[in-house]
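The values are calculated or read from the model by the stated rules, or taken from the named source; none is laboratory data. Computed from a prediction, not measured in an experiment: that's the story for all the values here. Positions of Cβ are generated from backbone atoms using ideal geometry, with glycine treated the same way; all protein chains shown enter the neighbour counts.
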Amino acid sequence: MSKTDDIETRFRTAGHFTEALKKGSFTLFCQPIVPVESAKVDYKYLEIFVRFREEEDKLLPPGSFFPILEANHLTPLLDRWVVREVLRWAAEKQGSQPNWHIPRFNLNLADDTIRDKDFGGQVRDQLKETKIPPNRLWFEVTAQQMARFPDAAKQTITRLKSLGCSIAVSDFSSVETIARGYKDAGAQIIKLSGSVVRNIHRNPEALSKLLELNGYCQKLGLQTIAEFVEHAETLPTLRKVGVNFAQGFGIAEPAPLSLVV
C-alpha cells in the first residue's frame, strides 16, 4: 500500500479524521513574518502551517494529505482544529507568562471553509472561550479563491471582520482594480506573489512589477507582505520599494509552534 493510499484509508470519513486529530496526528508549525525595516525575527507575527505526524515521528507537509482532505470535504474540520489549537496554545502561554506578547497568527482558509457558513460562529465561540483578542487572528485567502468564489469569500470576510479579526489576501500579482476589489471586500493586508518577489534581485522586469504591485496597494492604504523571500540580498530592495513585511526561507524556516518563546 502506498503512503497516499494509507493516508486515504485513515481519512476516509469525518469520524476517522476526527480521531486522528484527537490522537495528536497533526502538529502546528509557524514561520515568522517580519517588518522589512528591521527584518529581525521576533515571533510577533506568525503564519501557521500544519504537518501530519507519520510513524517514527516523520512529519509530512500538507501536499501529502491536503488533497485527500479536500476530496473528502474534511478541510473545514482541519481549519476549525487549527483555530482551536492556536487559541488554546496562546491562552496557555499567556496563563503561564502574563506579560507575554500574543503574536498575530496568520491562518490559511481552505476552499470548503470559505464556503462554510458556520465557520465564523466557530471562531467566535473559540475566541470567547479563550479570551484571546480577536485582532490576533488574521485569516488568509488566496487571490485565486477570491476570483473563484467571490460571493462566498466576501461573506466569510464580512463575518470574520465583524468578530474583530483581520483579512489578508495572498499571491497578488494582478492590477490596481483587483487590489481595490480586495480592499472593498474587507482585506487589510496583501501578500505580493512569490513568483514576482523571488526574482527581483536578478530580474529588472520582476523588480518593475513589484514596484507596480506595491504601489497599487500602498495607494489604497493596504499593507504589503513579500512572500517567498529566499535570499538575504532581496531585503534591501524590498526596503527601497517600500514593502511593509517579508516572509520566506531567507528570513526563517517554519519551525514547531511549541518552540516559540
> Taking the stretch 230-261, which residues are among the β-branched types (Val, Ile, Thr), in a loop (DSSP other than H, G, I, E, B) and modelled with pLDDT under 95?
Replying inline: ILE251, VAL260, VAL261
> Does THR177 satisfy the condition of being in a helix (DSSP H, G or I), under 27 Å from TYR43 (Cα atoms) and either over 20 Å from the mean Cα position of the chain (by Cα) or acidic (Asp, Glu) (or both)?
Replying inline: no
> Looking at this structure, is ILE157 within 30 Å of GLU233 (Cα to Cα) and without any contact (Cβ under 8 Å) to a residue 60 or more places away in the chain?
Replying inline: no
> Any chance the stretch 195-207 includes a residue that's aliphatic (A, V, I, L, M) and touching an Asp or Glu at 6+ places or on another chain (Cβ under 7 Å)?
Replying inline: yes
> Do the conditions hold for ASP79, that is, is it closer than 30 Å to VAL241 by Cβ, among the charged types (D, E, K, R) and either within 18 Å of the chain's Cα centre (by Cα) or in a strand (DSSP E or B) (or both)?
Replying inline: no
> Taking the stretch 84-116, which residues are in contact with a strand residue (DSSP E or B) (Cβ under 6 Å, 6 or more places away or on another chain) and of a type in the set (Val, Ile, Thr)?
Replying inline: VAL86
> So which residues in the stretch 157-176 are surrounded by 14 or more Cβ atoms within 10 Å (Cβ to Cβ) and polar (S, T, N, Q), if there are any at all?
Replying inline: SER166, SER170, SER173, SER174
> In the set ASP151, ASP111, ASP125, which member is touching a residue at least 12 places away in the same chain (Cβ under 8 Å), more than 27 Å from GLY242 (Cβ to Cβ) and of a type in the set (Asp, Glu)?
Replying inline: ASP111
> Quick one: is LEU259 exposed (fewer than 14 other Cβ atoms within 10 Å of the Cβ), of a type outside the set (Phe, Trp, Tyr) and either in contact with a Cys (Cβ under 7 Å, 6 or more places away or on another chain) or under 30 Å from PHE26 (Cβ atoms) (or both)?
Replying inline: yes
> In the stretch 102-156, how many are over 13 Å from ALA168 (Cα atoms), among the hydrophobic types (A, V, I, L, M, F, W, C) and surrounded by 16 or more Cβ atoms within 10 Å (Cβ to Cβ)?
Replying inline: 8
> Going by the conditions given, is GLU8 farther than 25 Å from ARG124 by Cβ, modelled with pLDDT under 85 and surrounded by fewer than 16 Cβ atoms within 10 Å (Cβ to Cβ)?
Replying inline: no
> Among the candidates GLU19, GLU37, which residue alone is part of a helix (DSSP H, G or I) and either out of contact with any Leu (no Cβ under 6 Å at 6 or more places or on another chain) or under 19 Å from ALA255 (Cα atoms) (or both)?
Replying inline: GLU19
>> Being of a type outside the set (A, V, I, L, M, F, W, C), within 23 Å of LEU137 (Cβ to Cβ), in contact (Cβ under 8 Å) with a residue 24 or more places away in the chain and surrounded by fewer than 16 Cβ atoms within 10 Å (Cβ to Cβ): is that true of THR224 here?
In response: no
> For the stretch 187-220, how many residues meet the condition of being buried (at least 18 other Cβ atoms within 10 Å of the Cβ), within 25 Å of SER166 (Cβ to Cβ) and in contact (Cβ under 8 Å) with a residue 24 or more places away in the chain?
Replying inline: 13
